[in-house]
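Take a look at the structure below.
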Amino acid sequence: MSTNPNRVEPARDLAWLFSFASFCSKLCLMTDLTNPRLIKLKGLMFLVIGLLSSALLILELPSLRVAVLLSITVWCFCRFYYFAFYVIQHYVDPNFRFSGLIAFARYLLTRPK
């Protein structure tokens, strides 16, 4: 079995990112983002990171199958996010406001049957 020296190893290559994120969260208090320009910048940042990571994944494994599976994955996660934050709040329990996916999971596990 030959090893590809250009192959990405996500666990090793992203370890620095997780340690940096941990450092940043300890360095400054996280508050709600209220500045409209920063909110738009954050959205743009997510778009650029998503496009870049998708392109890198397809470049790593260039096949139609990978591109289609990646597209389906992204679409399904977008639909789940919509379900978690719009459908539940507007049609299932209009009195509950979710602050994130962990709050949504807690709601699902603890809600009255």
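The values are calculated or read from the model by the stated rules, or taken from the named source; none is laboratory data. Only a predicted model underlies this, so the values are computations on that prediction, with no experimental measurement involved. All Cβ positions, glycine included, derive from the backbone under ideal geometry; neighbour counts span all protein chains shown.
Does Ser99 count as of a type in the set (S, T, N, Q), out of contact with any Leu (no Cβ under 8 Å at 6 or more places or on another chain) and part of a helix (DSSP H, G or I)?
No, not satisfied.
Which condition number does Ala103 fail, the rest of (1) over 23 Å from Leu33 (Cβ atoms); (2) free of Cβ contacts under 8 Å to residues at least 24 places away in the same chain being met?
(1)
Given (1) over 14 Å from the mean Cα position of the chain (by Cα); (2) modelled with pLDDT of 95 or more; (3) hydrophobic (A, V, I, L, M, F, W, C), where does Cys76 come up short, assuming only one miss?
Cys76 satisfies every listed condition except (1).
Search segment 84-98 for residues that are closer than 14 Å to Arg111 by Cβ and free of Cβ contacts under 8 Å to residues at least 24 places away in the same chain and pair each with any residue that is of a type in the set (A, V, I, L, M, F, W, C) and surrounded by 11 or more Cβ atoms within 10 Å (Cβ to Cβ) when their beta-carbon atoms are under 6 Å apart and the residues are at least 6 apart or on different chains.
Sorted first by the residue in segment 84-98, then by its partner, the pairs are Ala84/Phe104; Phe98/Phe85; Phe98/Phe104.
Check off (1) part of a helix (DSSP H, G or I); (2) modelled with pLDDT under 70; (3) surrounded by 10 or more Cβ atoms within 10 Å (Cβ to Cβ) for Trp16 and give me the number that stays unchecked.
(3)
In the list Ile39, Ile58, which residue meets the criterion of being outside any loop (DSSP other than H, G, I, E, B) and either modelled with pLDDT under 80 or closer than 20 Å to Gly100 by Cβ (or both)?
Result: Ile39 is the single residue among Ile39, Ile58 that is outside any loop (DSSP other than H, G, I, E, B) and either modelled with pLDDT under 80 or closer than 20 Å to Gly100 by Cβ (or both).
Can you list residue pairs whose Cβ atoms sit under 7 Å apart, with the first residue in segment 33-50 being surrounded by fewer than 11 Cβ atoms within 10 Å (Cβ to Cβ) and the second being of a type in the set (D, E, K, R) and assigned to a helix (DSSP H, G or I)? Count only pairs 6 or more apart in sequence or on different chains.
Taking only residues 6 or more apart or on different chains, the pairs are Leu33/Lys42.
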